[in-house]
1. Looking only at Cα atoms, what is the convex hull volume of the protein assembly as shown per residue, in Å³?
2. Over the alpha-carbon set of chain A, divide Rg by the Kirkwood Rh and report the Rg/Rh ratio to two decimals.
3. Considering the alpha-carbon set of segment B:1-82 alone, what are its Rg and its Dmax in angstrom?
4. If amide hydrogens are placed 1.01 Å from N in the peptide plane, which non-local residues have theirs closer than 5 Å to the one on B:S85?
5. Post the alpha-carbon centroid distance, segment B:1-19 to segment B:36-113, in whole angstrom.
6. Which aspartates and glutamates have a Cα lying under 12 Å from the Cα of B:K54, excluding residues fewer than 8 positions away in the same chain?
7. Ranking A:S94, B:S96 by Cβ neighbours within 10 Å, fewest first, what do you get?
8. Loop-only trypsin sites (Lys or Arg not before Pro) in segment B:7-61, please: DSSP not H, G, I, E or B, and at most 16 other Cβ atoms within 10 Å.
Amino acid sequence: GAGVSQSPRYKVAKRGQDVALRCDPISGHVSLFWYQQALGQGPEFLTYFQNEAQLDKSGLPSDRFFAERPEGSVSTLKIQRTQQEDSAVYLCASSAAAGGYEQFFGPGTRLTVL
Amino acid sequence: DQQVKQNSPSLSVQEGRISILNCDYTNSMFDYFLWYKKYPAEGPTFLISISSIKDKNEDGRFTVFLNKSAKHLSLHIVPSQPGDSAVYFCAASALSNTGKLIFGQGTTLQVKP
């Protein structure tokens with residue numbers, strides 16, 4: 001398919017474990033965004049990449065959260081020493097243009113921290 | 001501080017009738033507004049958008065209205081169909097914000113046959 005894909009779809013981690021979430025954006029899309037969606041809430045912005053450059057990481061909740069997009073395509077969101085409040089759905093979105101408003105979302109990764 | 005608010009958590013309408021979903025915002029720097037639709041276990045799907053230089057945009061059964069003075073926008077779906085049942089999110093963005101979207105809390109729409 002030509003859409004945004006994310007893996008794994010579901011992840012259960014014990015508190016204190018590190019996790020890595022993967023996003024494959026639409027091929028050729030310049031912009032990539034990560035969002036966090038808590039239960040019953042709308043998605044909240046975490047970080048933004050334009051190609052391989054991380055231009056905005058103002059939404060990352062703590063220094064335990066780290067994202068990268070080394071070759072300007074696939075991106076990984078890493079959470080170190082997970083805590084229960086990290087439990088959420090993590091959504092990745094891509095856009096064709098730099099800073100593009102119309103973003104195409106992946107299905108998300110549901111993270112549960114026990 | 002919620003910059004984008006959807007004050008109605010849920011809405012139920014009869015098939016064939018009009019559905020009106022509302023959204024309010026506080027940041028006057030927002031210059032682009034979008035509506036997304038979300039089914040369970042799927043990511044949000046783009047529906048329709050509007051630039052702040054317009055007050056209306058129409059796409060088939062979906063129309064978005066923007067009232068800048070009131071900082072209010074609404075999504076009209078007419079006629080409503082059972083397949084429209086989903087969670088609808090309003091989102092806003094500003095040119096100065098690298099395109100990141102600020103979402104409302106969502107409204108769950110149920111269209112009854």
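Just so you know, all these numbers are worked out from the coordinates, no wet-lab data involved. Quick caveat: nothing in here was measured; it's all calculated off a predicted structure. In this analysis, Cβ positions are derived from the backbone assuming ideal geometry, glycine residues included, and neighbour counts consider all displayed protein chains.
1. Cα-based convex hull of the protein assembly as shown, divided per residue, equals 124 Å³.
2. 0.94
3. Cα-based Rg and Dmax for segment B:1-82 come out at 13.1, 37 Å.
4. For B:S85, the qualifying residues are B:V111.
5. 10 Å
6. B:D31
7. Lowest to highest Cβ neighbour count: B:S96, A:S94.
8. B:R17, B:K54, B:R61
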